[in-house]
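The values are calculated or read from the model by the stated rules, or taken from the named source; none is laboratory data. Please read all numbers here as calculations on a predicted model, not as lab measurements. So basically every Cβ, Gly included, is an ideal-geometry build from the backbone, and we count neighbours across all protein chains shown.
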Amino acid sequence: MKVTFIGGAGTVTGSKTLLESNGKRILIDCGLFQGIKPLRELNWKPLAVLASTIDCVLLTHGHLDHCGWLPLLVEQGFSGKIYCSNPTMQVAKLILSDSAKIQEEEAKKANKEKFSKHQVAKPLYTVAQALNVFPLFHVIQTEQPILLTKNISARFFNAGHIIGACSIALELEDKTLFFSGDIGRDQDVLMFPPTKPKNADYVFLESTYGNRLHPDSNAKLELAAAINATLNNQGTFIIPSFAIERAQSIMYLLWQLKNENKIPDVPYIIDSPMGVHAFSIFLNNSSWHKSTLQDCVAMGKMFTMITDYKDTLAAIDNKQPKVVIAASGMVTGGRVLNYLQEYIGQPQTTIMLVGYQAEGTRGRKLVEGAKEVKIYGKYYPVVAKIMEIKGLSAHGDQKDLLHWLSELKNTPKKVFLVHGENQAADELRIKINQEYGYDCCVPLMNEEMVL
């Protein structure tokens with residue numbers, strides 16, 4: 001069999017791994033590249049193989065960097081099944097629709113205001129193209145074997161990253177290939193711990209935080225202190241957040257703090273159509289997370305949930321102190337940009353980043369101390385206070401990733417470290433070799449390996 005690392009190699013975005021065996025082609029994840037321009041430009045290029053020759057897609061979860069290229073795969077001729085959990089299907093539909101809508105809106109804005117370098121700015125894909133993906137979703141039951149072809153079967157296991165996220169074990173040619181997907185934390189605010197593999201001949205392990213340890217500090221108390229300092233200064237507290245799971249985790253912490261009288265009675269706003277819809281997915285899939293249905297309902301009542309853009313403008317114009325959670329988490333798009341246009345130049349504003357910030361994103365630039373950021377073709381000085389809480393990441397850190405391997409009963413022939421920047425992946429490679437003695441490698445983009 002042959003494996004080709006089409007994306008998610010040397011970078012945390014664009015996850016696509018192509019598996020070929022006995023004339024069959026299986027694509028594990030089909031993500032969008034994000035971040036620096038050379039990566040984003042890869043989204044416009046066709047796959048190295050014809051999309052029509054791919055038999056099926058196995059989707060680990062619904063984040064854009066894992067599912068966001070599906071509309072183009074279908075547009076280029078793919079017509080097979082897309083296997084995933086039920087929450088992942090719901091999340092992916094939400095994210096793909098939102099992604100397409102944002103792309104259409106930004107292309108329209110670029111053409112109207114003429115800030116694109118292209119003569120005519122075009123969306124990468126349209127809402128109509130995103131909708132063409134939906135009939136291909138095929139829901140699986142976790143831990144139950146699924147026969148993909150006559151000689152290939154798969155099982156999905158809880159990965160603990162976001163709601164519906166799974167790791168995937170593939171059985172073929174008398175071998176077991178285990179794809180981690182994105183691994184959650186052993187001790188997460190909302191999600192259950194990831195299921196660890198018991199046997200694998202080859203492991204494909206994410207390495208997002210392969211060289212980092214999450215701090216032992218209390219993220220909940222950090223959040224309370226930062227909010228109180230900002231509100232006491234009559235400022236606005238803005239949390240750019242991934243609409244799926246991180247937004248709900250932050251809502252959960254804020255709800256707890258409010259019940260404990262540790263944060264004041266001001267407007268608490270969720271300004272993300274996708275975040276609002278994601279909350280309903282949480283309500284309808286309570287077996288996938290720790291919060292009870294009763295708590296979810298009570299939590300929802302604390303927040304003003306905005307979907308209409310005119311309400312966004314009204315919230316921005318209202319200068320009273322407030323706390324706003326708005327997508328996107330890496331500040332690459334979404335309603336948070338509208339808030340930043342108004343508030344990033346004000347010293348009493350705090351912008352709190354709570355998740356991984358990929359190379360080249362506005363979020364990464366803010367964390368690294370950028371003095372100005374470009375939003376819709378215009379540069380804005382960064383006067384607001386920029387903070388980061390690392391303890392709220394949905395990704396497991398180096399310790400979690402090492403622990404994920406701890407229940408393997410056999411020694412895998414090789415561990416491939418993917419979905420990580422080169423330094424993070426290489427440091428994790430060294431740690432795995434030291435702790436377990438496993439043979440590890442960090443594949444390059446588009447590298448092919450025969451197993």
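Laid out as a table, the results:
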| quantity | calculated |
| --- | --- |
| Residue satisfying condition, being among the acidic types (Asp, Glu) and touching a residue at least 40 places away in the same chain (Cβ under 8 Å), within set Glu372, Glu359 | Glu359 |
| Top-ranked residue in region 279-303 [being over 24 Å from the mean Cα position of the chain (by Cα) and closer than 16 Å to Ile269 by Cβ; ranked as surrounded by the most Cβ atoms within 10 Å (Cβ to Cβ)] | Met302 |
| Counted residues, region 38-67 - those being closer than 20 Å to Gly329 by Cα, at pLDDT 95 or above and of a type in the set (A, V, I, L, M) | 0 |
| Asn433 over 18 Å from Arg185 (Cα atoms), part of a loop (DSSP other than H, G, I, E, B) and assigned by TED's automatic domain parsing to the domain that holds Pro193 | no |
| Unique residue being at pLDDT below 95 and more than 21 Å from Lys290 (Cβ to Cβ) when the list is Ser249, Ser272, Ser241, Ser207 | Ser272 |
| Qualifying residue in region 68-76 (condition: polar (S, T, N, Q), over 30 Å from Asp201 (Cα atoms) and modelled with pLDDT of 95 or more) | yes |
| Residues of region 191-236 satisfying the condition of being more than 19 Å from Glu143 (Cβ to Cβ) and in contact with a His (Cβ under 8 Å, 6 or more places away or on another chain) | Glu206, Ser207, Thr208, Tyr209 |
| Residue within region 307-319 that is farther than 30 Å from Gln423 by Cβ and either in contact with a Cys (Cβ under 9 Å, 6 or more places away or on another chain) or not assigned by TED's automatic domain parsing to the domain that holds Ile250 (or both) present | no |
| Every pair of residues 6+ apart whose Cβ atoms lie under 9 Å, when the first sits in region 201-217 and is touching a residue at least 60 places away in the same chain (Cβ under 8 Å) and part of a strand (DSSP E or B) while the second is of a type in the set (Val, Ile, Thr) and surrounded by fewer than 20 Cβ atoms within 10 Å (Cβ to Cβ) | Tyr202/Thr176 |
| Search result, residues across region 423-445 that are closer than 16 Å to Val12 by Cβ and loosely packed, with under 13 Cβ neighbours inside 10 Å | Gln423, Leu444 |
| Residue within region 276-288 that is aliphatic (A, V, I, L, M), at pLDDT 95 or above and more than 21 Å from Phe192 (Cα to Cα) present | no |
| Answer from Ser249, Ser286, Ser280 - the residue that is touching a residue at least 12 places away in the same chain (Cβ under 8 Å), under 30 Å from Thr142 (Cα atoms) and among the hydroxyl-bearing types (Ser, Thr, Tyr) | Ser249 |
| Count of region 48-100 residues which are farther than 21 Å from Ile146 by Cβ and under 18 Å from the mean Cα position of the chain (by Cα) | 13 |
| Residue among Phe192, Phe137, Phe179, Phe156 that is within 27 Å of Lys220 (Cβ to Cβ) and among the aromatic types (Phe, Trp, Tyr) | Phe192 |
| Members of region 306-352 found to be assigned to a helix (DSSP H, G or I), of a type in the set (Ser, Thr, Tyr) and modelled with pLDDT of 95 or more, listed by number | Thr312, Tyr339, Tyr343 |
